[in-house]
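The structure appears below as structure tokens.
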């Protein structure tokens, strides 16, 4: 397997890129827009970026959160359903972990399906959001939601496979 990276490493690189580059740029944009807006409002007496609050609330913050979720789950900072870990034998712990992850995978598969369907219907219907006095299309934001949930699902499937492998090798 020389020269080739496993699929999970590639998924991890996509998650890392979305979180670090995408999330970082969103955070930077939020910071710059807030500073410029406050400076314009209180120093110059004019709103330099009309609809700053709406842009941050409806575009940048959701993108930041949804781009960071898959990486947070991969790194273990996202809450996971674990119980009785310390009191169970390693084999039972692997079994419970695998069962919990299979249930989480099913839940996220259903969520991915419905979020994808919602995003497609919003795109097909030309859904828009009001920013300042104009209307912007929502599809650039909505296309990232199913991608994020899909990456979360991939990570849960990977973790479930790891737990099932632990269960079968002992």
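No lab work stands behind these numbers, since they all come straight from the coordinates. Only a predicted model underlies this, so the values are computations on that prediction, with no experimental measurement involved. With ideal geometry, Cβ positions are generated from the backbone for all residues, glycine too; neighbour counts draw on all protein chains shown.
Tabulated data for the structure shown
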read-out: Residue of 148, 37, 134 that the Gaussian network model of the chain assigns the largest fluctuation, springs spanning Cα pairs under 10 Å; value: 134
read-out: Rounded to 10°, Cα long-axis angle of helix 23-39 versus longest principal axis of the chain; value: 30 degrees
read-out: Between 0 and 90°, nearest 10: helix 61-74 axis offset from the chain longest Cα axis; value: 20 degrees
read-out: Label point distance in nm, residue 129-residue 61, each placed 7 Å from Cα along Cα→Cβ; value: 1.0 nm
read-out: Spatial separation of Cα centroids for the range 33-48 and the range 126-170, in angstrom; value: 35 Å
read-out: Distance (nanometres) between label positions extended 7 Å along Cα→Cβ at residue 99 and residue 32; value: 5.2 nm
read-out: Top of 106, 32, 43 by mean-square fluctuation, Gaussian network on the chain, Cα under 10 Å; value: 43
read-out: Computed E for residue 162/residue 21 - FRET, C-beta separation, R0 22 angstrom, nearest 0.05; value: 0.20
read-out: Principal-axis tilt of helix 7-17 within the chain, Cα atoms, nearest 10 degrees; value: 30 degrees
read-out: Two-site label geometry, residue 7 and residue 114: point separation in nm, points 7 Å out along Cα→Cβ; value: 2.6 nm
read-out: Helix-only [θ]222 nm of the chain, DSSP H runs n ≥ 4, -39500 (n - 2.57) each, per residue, nearest 500; value: -21500 deg cm²/dmol
read-out: Semi-axis lengths (Å, descending) of the ellipsoid that matches the C-alpha gyration tensor of the chain; value: 40, 18, 15
read-out: Residue of 57, 75, 104 that the Gaussian network model of the chain assigns the largest fluctuation, springs spanning Cα pairs under 10 Å; value: 75
